[in-house]
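The values are calculated or read from the model by the stated rules, or taken from the named source; none is laboratory data. Everything numeric in this text was worked out from a predicted model, so none of it was measured. Please note: Cβ atoms are built from the backbone with ideal geometry, for glycine as well, and neighbour counts cover all protein chains shown.
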Amino acid sequence: MTTGTTGIESLRKRFQGKILTPSDVGYDDARAIWNAMVDKHPAIIARCAGVQDVVRAVNFARDNGLVLAVRGAGHHVAGNSLCDDGLVVDLSGMRAVTVDAGARRAVAEAGATLADFDAATLAHGLATPVGINSTTGIAGLTLGGGFGWLSRKYGMTVDNLESAEVVTAKGEVVHADARDHADLFWALRGGSGNFGVVTKFEFRLHEIRPNLLSGLIVYPLAEAKSVLKQYRDFAARAPEELSVWTVLRQAPPLPFLPADAHGTGVIILALLYAGDPAKGEELITPLRTFGTPVGEHVGVQPFVAWQQAFDPLLTPGARNYWKSHNFTSLADGLFDVMIEYAGRLPSPQCEIFIAAIGGATKRPAPSATAYPHRAAEFVMNVHGRWTDPADDDRCIAWSREYFKASAPFASQGAYLNFMTADEVDRVRAAYGPNYDRLAQVKRKYDPENLFHTNWNVKPA
């Protein structure tokens, strides 16, 4: 760091938000993020109150030769939102979401969480595809591609992005859409935080019923091979309005499960039907016949509640290590590997889940947005999660071993938002055939690579 106390005080006087340094009250709270494995110590945390604060922080970091990181909601597993010894542009206080119901558009500030976004849009009977944990940040989710329960019907999160407000490495505020700065707009849709600080996102919205059919059907792990085979056949025929995901884990103490099932190995079918619930009930009937269920909790409930249903399993403060693969199809050999590793989970919080995408996510060409993986039908997350640092080696080893064992069945590419900090070698795979084009855009908007504490694309 090339600046001193005088420079920081000068920044503080011009700043509308709050500047925190290691000696300030609240600093440790401000550097805490969702994944407790990330323990970084920035020299300056610039908690921005608005876009002009972002400009001041970017200019200060650039002019003083500081490493720069950008934090939205701080949910990313890799911890890219923090840095050691540099400056963090902290957007977590900028959470406003405004909705134009007539135009079916929403504008979200970059610190907004999915809970903020859903609350604003669903109040108007409108939504767009976002993730499955309400504390996730809209910024990181979108810049990495983004998918959720509505993606089979309406595409990836980036497919619904209409425009963005961006602070560039020069400290300029630009508006990027299909007409203005179209190259930048293309790159933002899956190109991570390489090109500037996105301070606002404008999304296209879709009409949705406030109450939808959703829930869980739980089978014992002993029946997993049969359930997975039937699931594969079912998913191939499912309409785009229906999303069914699978989770292999130890059963949480859910009230609809018998007490003697708690803590035992299970395979869970998690479902949402984005249409008439009566039609959805007809469609999901086969899911109940895949074996002998341990329990079921399926019914019509507010979509906003379903969006938060998995929050208790994803609370902040645990230690997380993830691995991920894309799949164009699910092979019997993959099922064998899944069941083997689900039978020796190193922690009750660890799980393997497969999200069904496909449908509308496959319609754009791989070059239409920076997110390129349009052939993927499924995305798998190897979710290593535990609380005691003494378990780090064991849980990380399990995640890595399963990732390696399942690799022969995977398709090309990687999903940015599920990559962990040690996967720098997968960056090119994550951007796929779009990497070189991204490098050209990077050279134009950030030739000195100021924004590099991300899944970095180096300037061409």
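Quick notes
- If you go through region 4-56 and keep only what is in contact with a helix residue (DSSP H, G or I) (Cβ under 8 Å, 6 or more places away or on another chain) and within 18 Å of residue 83 (Cα to Cα), you end up with 19, 20, 21, 37, 44, 45, 46, 47, 48.
- Of all the residues in region 293-327, those that are touching a Phe, Trp or Tyr at 6+ places or on another chain (Cβ under 9 Å) and either surrounded by 15 or more Cβ atoms within 10 Å (Cβ to Cβ) or assigned by TED's automatic domain parsing to the domain that holds residue 36 (or both) number 19.
- Some residue of region 384-396 being in contact with a Gly (Cβ under 9 Å, 6 or more places away or on another chain) and part of a helix (DSSP H, G or I): yes
- Filter pass, residue 272 being buried (at least 20 other Cβ atoms within 10 Å of the Cβ), under 20 Å from residue 361 (Cβ atoms) and in contact with a strand residue (DSSP E or B) (Cβ under 6 Å, 6 or more places away or on another chain): yes
- For beta carbons closer than 6 Å, sequence separation of 6+ or different chains, a first residue in region 399-426 that is surrounded by fewer than 19 Cβ atoms within 10 Å (Cβ to Cβ) and a second that is part of a helix (DSSP H, G or I), the qualifying pairs are 405/337.
- Residue match in region 86-106 (condition: in contact with a helix residue (DSSP H, G or I) (Cβ under 9 Å, 6 or more places away or on another chain), assigned to a loop (DSSP other than H, G, I, E, B) and of a type in the set (Lys, Arg)): yes
- Residue match in region 120-140 (condition: in contact with a helix residue (DSSP H, G or I) (Cβ under 6 Å, 6 or more places away or on another chain), free of Cβ contacts under 8 Å to residues at least 60 places away in the same chain and closer than 27 Å to residue 171 by Cα): no
- Residue within region 143-162 that is touching a residue at least 24 places away in the same chain (Cβ under 8 Å), surrounded by fewer than 20 Cβ atoms within 10 Å (Cβ to Cβ) and under 23 Å from residue 30 (Cα atoms) present: no
- Condition check for residue 444: basic (Lys, Arg), surrounded by fewer than 22 Cβ atoms within 10 Å (Cβ to Cβ) and farther than 21 Å from residue 167 by Cα: no
- Top-ranked residue in region 351-378 [being hydroxyl-bearing (Ser, Thr, Tyr) and crowded, with 18+ Cβ neighbours inside 10 Å; ranked as nearest to residue 233 (Cα to Cα)]: 361
- Test: residue in region 357-364 that is among the hydroxyl-bearing types (Ser, Thr, Tyr) and either touching a helix residue (DSSP H, G or I) at 6+ places or on another chain (Cβ under 8 Å) or part of a helix (DSSP H, G or I) (or both): yes
- Residues satisfying the stated conditions in region 1-50, i.e. part of a loop (DSSP other than H, G, I, E, B) and small (Gly, Ala, Ser): 4, 17, 23, 26, 32, 36, 43, 49, 50
- Residues in region 169-206 that are assigned to a strand (DSSP E or B) and among the small types (Gly, Ala, Ser): 176 only.
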